[in-house]
Amino acid sequence: MAVARTVDDARDQVLPSAGALAVAGGLALVSILASGRAWVTLFHDVLESAKARLRFEAGYYLSQLTKYLPAGGVVQAASQFSLAAASGVPLGRVALAFPVSVVGTVAAGATLGAGIALAEELPTWARALALVGLAAPALLNRRFMAAVPGLARRYVRRIPAPDRLPSQRSILAYYVWALLGIGATAAAYAVLLRSLTDEANPTIVFFAFALSWTLGFLVVPLPAGIGVRELVLIAAIPEVGAGPVLAASLAHRLLGICAELVAALGSHLAARRKALPEPPAPGRLPQGPVGRP
């Protein structure tokens, strides 16, 4: 339904060239794969085998498809939470890792979005506010993260103990993967918009999209940040008309959905293949309980 609606909205727009769509599609796939790897890094201490990690990652990709439903981020967060727990990871561990992933994602997006301060067309106050994003990685300190659930446990005893938080190394690894994921999807948008107009600096477009993506991520009720990203992009790159911005956004959203479908299907097939028993070596028959064929 999301694909059909996006295609229908795009019919009245001049879409990017085939070459731009191909490059952006590859970047969209890199983005979702980096996002999945980021989520896995928070559970390396409990996902001991490659089979377990593959199954866990497949659940993450599946959960991403639910953000196009009504209530968007709420449904996606619930499905990501439940599918992670269904893969065998302790529920308390997921409950603490999920907010860590939110903070890590916002920190990465704010870091990249700070580059919009280079846009001379924007007001001084907006450029100064964007620079605040450079301080966002300070939120990744594990002691700071542990203090929040520790304080909350004074009032709600059912909240898991903060000692079950991911390690500082895992938190920083998540941040790096999130930088790659958001950077790839921002680069995809820059390629698409550049195919439609040369009125904007691709570097500024890259930073503007990173900022718009982060703000759309924070507006949880909207499906995949629909509307928020486009409004921020129009405000951040005023030299480009609304038509090209919307056309590139629709193409970007369609490629993102396709990339998520490919990731979900591919990881599911890989997980099933990994779960199959290995065939016996050629020339050897399986042995019975007493060593007889």
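Other residues with beta-carbon under 15 Å from the beta-carbon of ILE171 carry, at +1 per Lys or Arg and -1 per Asp or Glu, a net charge of +4. Accessible surface ranking for VAL228, VAL219, VAL132, VAL14, 1.4 angstrom probe, highest first: VAL14, VAL132, VAL219, VAL228.
Between ASP198 and ARG272, the FRET efficiency from the beta-carbon distance, with R0 = 45 Å, is close to 0.45. Name the residues of the stretch 125-144 whose amide N is less than 18 Å from a point 7 angstrom out from the Cα of ASP163 along the C-beta direction? Flagged as within label range: 142-144. Estimated at the nearest 10 Å², the accessible area of GLU239 is 60 Å² with a 1.4 Å probe. Could you tell me the calculated FRET efficiency between LYS51 and LEU134, based on Cβ-Cβ distance and R0 = 41 angstrom, to the nearest 0.05? Given R0 = 41 Å and the Cβ-Cβ separation, E is 0.55. Were the residues from LEU69 through ASN141 laid out at 0.36 nm apart, the gain over their Cα-Cα distance would be 22.6 nm.
Compare LEU172, LEU193 by solvent-accessible area with a 1.4 Å probe and give them largest first, with all protein chains kept in place. Numbers along the way, then the final one.
Numbers: LEU172 85, LEU193 5 Å².
Sorted descending by solvent-accessible area, the residues read LEU172, LEU193.
Estimated from the Cβ-Cβ distance and a Förster radius of 45 angstrom, the FRET efficiency linking PHE81 and ALA22 is about 0.85.
The values are calculated or read from the model by the stated rules, or taken from the named source; none is laboratory data. Everything numeric here is computed off the predicted structure, so don't read it as measured data. Positions of Cβ are backbone-derived with ideal geometry, glycine not excepted, and every protein chain shown enters the neighbour counts. Just the protein is used for accessible areas: all its heavy atoms, side chains included, with ligands, DNA and RNA removed. Shrake-Rupley method; radii C 1.70, N 1.55, O 1.52, S 1.80 Å.
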